[in-house]
Amino acid sequence: MKKLKVQDLIAVGIYTAIYFLLMSVCLLILRFVIPGFHNLFIPAVTALFSGIIYLILLNKVPKFGAITIMGTVVGLFFLISGHFPLAFLPNMLCALVADLIQYKTKLKENVRVMASYIVFSFGLMGPILPLWFMKNAYIDSLVARGKDETYIAGVFAHTSNVMLGLCALAVLIGAVVGLGIGSRLMEKHFQPTIQSHKG
């Protein structure tokens, strides 16, 4: 297995920045289209539009560690931007698992890429999972940040178990469709195939 070089890290940084940009644009659009639900569905919509970035990353930096670095940087961004402290863990863990699937398994390439992207996309649920699984701690963190009761009530207004299931299903669908879109864009505008991992 080849190790990541300086130019690889630079490339990962560039694609991560583009990923952030896409995520920010998606969030901005969702704020207007579905206010109140935008935070819940940003993982799915980001997965829908970021498949091409993921494929380019695999193509340009086909080495173990690149996916993990991207996911970890995204998680650290959530951490330093005021999200719940544990929100970064799903990003880091999902990225690591995605890396392992992509470079440490012997699945067929198309299956491997799809599985790794789906797992990677679920990492973006990190900031919203505490709404269901660590509610009291999340409320305490909001209070510590100076949020009032009205704001807190709004945050939890749509956090039913059904909504959690819908969010997860939306991420799955978004990732599958997003990778399909990304594959077509790769074939049409970039290289005809994704580099296969060797070794």
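The values are calculated or read from the model by the stated rules, or taken from the named source; none is laboratory data. Every value quoted in this text rests on a predicted model; they were computed, and no experiment measured them. Reconstructed Cβ throughout: ideal geometry from the backbone, glycine too, with neighbour counts over all protein chains shown.
Within the stretch 99-134, the set of residues being among the small types (Gly, Ala, Ser) and under 13 Å from the mean Cα position of the chain (by Cα) comprises SER116, SER121, GLY123, GLY126. Contact annotation: residue pairs with Cβ atoms under 9 Å, 6 or more positions apart or on different chains, pairing a residue in the stretch 175-197 that is over 12 Å from ILE52 (Cα atoms) with a partner that is modelled with pLDDT of 50 or more and in a loop (DSSP other than H, G, I, E, B), are GLN195/PRO62; SER196/PRO62; HIS197/MET1; HIS197/PRO62; HIS197/LYS63; HIS197/PHE64. Scanning the stretch 35-56 turns up no residue that is among the β-branched types (Val, Ile, Thr) and free of Cβ contacts under 8 Å to residues at least 60 places away in the same chain. One residue alone among GLY154, GLY146, GLY180, GLY165 is in a loop (DSSP other than H, G, I, E, B) and exposed (fewer than 15 other Cβ atoms within 10 Å of the Cβ), and that residue is GLY146.
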